[in-house]
Ligand SMILES: Cc1cc2nc3c(=O)[nH]c(=O)nc-3n(C[C@H](O)[C@H](O)[C@H](O)COP(=O)(O)OP(=O)(O)OC[C@H]3O[C@@H](n4cnc5c(N)ncnc54)[C@H](O)[C@@H]3O)c2cc1C
């Protein structure tokens, strides 16, 4: 099997701060990590390779520092990494990101399965996986918490409001995964040593045979105009006294606020 895993490098979530003047994300000095759901996607790919053999490729679109995330993916066990890196690709929204990734993935054909995270924790749209499936004209299932595969078809358990839906899809297909699907492995010391010798290929826009009007800022109809931290409105009040007395005071306050 050839499994392609889409990896996005994101700021380590708790470190994200918003510049109060420019309203942009402050990335300087913040640690960057692999999007956690993408680690689940990679773990699932590695487990499938252990069962069926084959190759796991990881692909990412982003600036040069994304090499670090891809090296970690190689250390976890991926066989080859591809970085789509070019100034012309910068400022992409999900539409342009999915288009560019699709062009990169086409170059990796033949492939059997494309795995993505359910969403990226920084922008959180959850659109890239489904858009990628549309671009590649492949069947898709999102937010998968359990996956079974016989090498030709997959059965995917998807959590939804009413319960769990079980889907069967022919391969090749696109699947986005939940964190419940598995626990990602840590790179082993030997994995880290071996990763240095594994191929990490960088492709520019020219290598990808892309339509210039569909990449980067030019190919992105969405604009993020402003980012801002929500104002804290929470107020804490400790009700003193014995539990019964405090409970009575709490009920009175909730009635006062018309919550009860
Ligand atoms: C705060 C913020 C808000 C934004 N809001 C929007 C918006 O509303 N609409 C919009 O179009 N764009 C938006 N963007 C831009 C958006 O971050 C980029 O388009 C991004 O490249 C993909 O969107 P996402 O992070 O939402 O990915 P998601 O769709 O949430 O990611 C799902 C999965 O797709 C894969 N993936 C996503 N990006 C990449 C990548 N670069 N390389 C490899 N795999 C990838 C990963 O497997 C990931 O788990 C926003 C950016 C920020 C910082």
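Observations
- Protection proxy ranking of 207-218, 32-43, 88-99 - average other beta-carbon atoms within 10 Å, highest first: 32-43, 88-99, 207-218
- Three-way shape call for the range 74-137 based on the alpha-carbon gyration tensor, with the a/c threshold at 1.5: rounded
- Measuring between their Cα centroids, the range 48-64 and the range 98-126 lie 11 Å from each other.
- Efficiency of FRET between residue 137 and residue 160 - r from beta-carbon atoms, R0 35 angstrom, step 0.05: 0.90
- Crossing angle, helix 243-256 versus the chain [Cα axis fit, 0-90 degrees, rounded to tens]: 80 degrees
- The helix-based estimate of mean residue ellipticity at 222 nm for the chain, built from -39,500 (n - 2.57) per DSSP H run of four or more residues and divided by its residue count, is -8500 deg cm²/dmol to the nearest 500.
- Relative to the longest principal axis of the Cα atoms of the chain, the long axis of helix 67-76 makes an angle of roughly 80 degrees.
- With both labels modelled 7 Å from their Cα along Cα-to-Cβ, the residue 188 to residue 21 distance reads 5.1 nm.
- Relative contact order of the chain, pairs being alpha-carbon contacts under 8 Å that are 6 or more residues apart, as %: 24 percent
- Rounded is the label for the range 2-214, because the ratio a/c of its alpha-carbon gyration tensor axes (a ≥ b ≥ c) stays below 1.5.
- Here the simple spin-label model places points 7 Å from the Cα toward Cβ, and for residue 235 and residue 257 these points are separated by 0.8 nm.
- Principal-axis tilt of helix 94-107 within the chain, Cα atoms, nearest 10 degrees: 30 degrees
- Among 153, 233, 164, the residue with the largest mean-square fluctuation in a Gaussian network model of the chain, with springs joining Cα atoms closer than 10 Å, is 233.
- Rounded if a/c under 1.5, otherwise prolate or oblate - the range 190-249, Cα gyration tensor axes: oblate
Read-outs throughout are calculated quantities, based only on the coordinates presented, and are distinct from any laboratory measurement. Here the structure is a predicted model, which means the values were calculated and not measured. So basically every Cβ, Gly included, is an ideal-geometry build from the backbone, and we count neighbours across all protein chains shown.
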